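Okay, structure first, notes after.
Quick note: the coordinates plus some simple rules give every number you see, no bench work behind them. Note that this is a predicted model, so its numbers are computed, not measured. FYI the Cβ positions are ideal-geometry reconstructions off the backbone, even for glycines, and counts take in every protein chain you see.
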Amino acid sequence: MRILTFEQITDGRFDDPDTLLTLLNGRIELIKTKLSIDGVEVIVNAPYEVKCDACKHEPAHSQWRAVFFVKKNTRKIVWDDIFELINSVKAVPYKFI
């Protein structure tokens, strides 16, 4: 069985640093809602913060990240449809494990 994995990231360089976790949690819920399809299972690890205090060429900033795992146990939907649903929230790089 193939498992799709990807990571959603909110970044203080591009989004309001005070709302990063709220923004990420909103994306998590939206993706889970879009993928609530019979035969599709979504597992999301707990969000975690990454701080960059000693970044070169950048002021200090933080990111919030969440790792997703998607299993498909049906032929009613193809992987391209799943990619499209995820990308409608925020496009990410994917890999299969």
Q) Within the set of pairs 6 or more residues apart or between chains, which connect a residue that is charged (D, E, K, R) inside segment 78-90 to a residue that is in a helix (DSSP H, G or I) with Cβ atoms less than 7 Å apart? A) K90/R27
Q) In segment 1-22, what residues are closer than 18 Å to L35 by Cα and either assigned to a helix (DSSP H, G or I) or β-branched (V, I, T) (or both)? A) I3, T5
Q: Find the residue count for segment 1-19, including only residues that are among the aliphatic types (A, V, I, L, M) and more than 13 Å from the chain's Cα centre (by Cα).
A: 2
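With the requirement that a residue be assigned to a loop (DSSP other than H, G, I, E, B) and surrounded by fewer than 14 Cβ atoms within 10 Å (Cβ to Cβ), what does segment 23-55 give you? Step through it out loud before you land on a result.
Kept after step one, since they are assigned to a loop (DSSP other than H, G, I, E, B), are these residues of segment 23-55: 35-39, 45-47, 53-55.
Residues satisfying the conditions are S36, D38, G39, N45, A46, D53, A54, C55.
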Q.
Quick check on K71: is it of a type in the set (K, R), in a strand (DSSP E or B) and in contact (Cβ under 8 Å) with a residue 40 or more places away in the chain?
A. yes
**Q.** Where R75 falls short, out of the listed (1) surrounded by 11 or more Cβ atoms within 10 Å (Cβ to Cβ); (2) within 22 Å of K95 (Cα to Cα); (3) out of contact with any strand residue (DSSP E or B) (no Cβ under 9 Å at 6 or more places or on another chain)
**A.** (1)
Q) Out of all the residues in segment 77-92, is one or more under 14 Å from the mean Cα position of the chain (by Cα), part of a strand (DSSP E or B) and aromatic (F, W, Y)? A) no
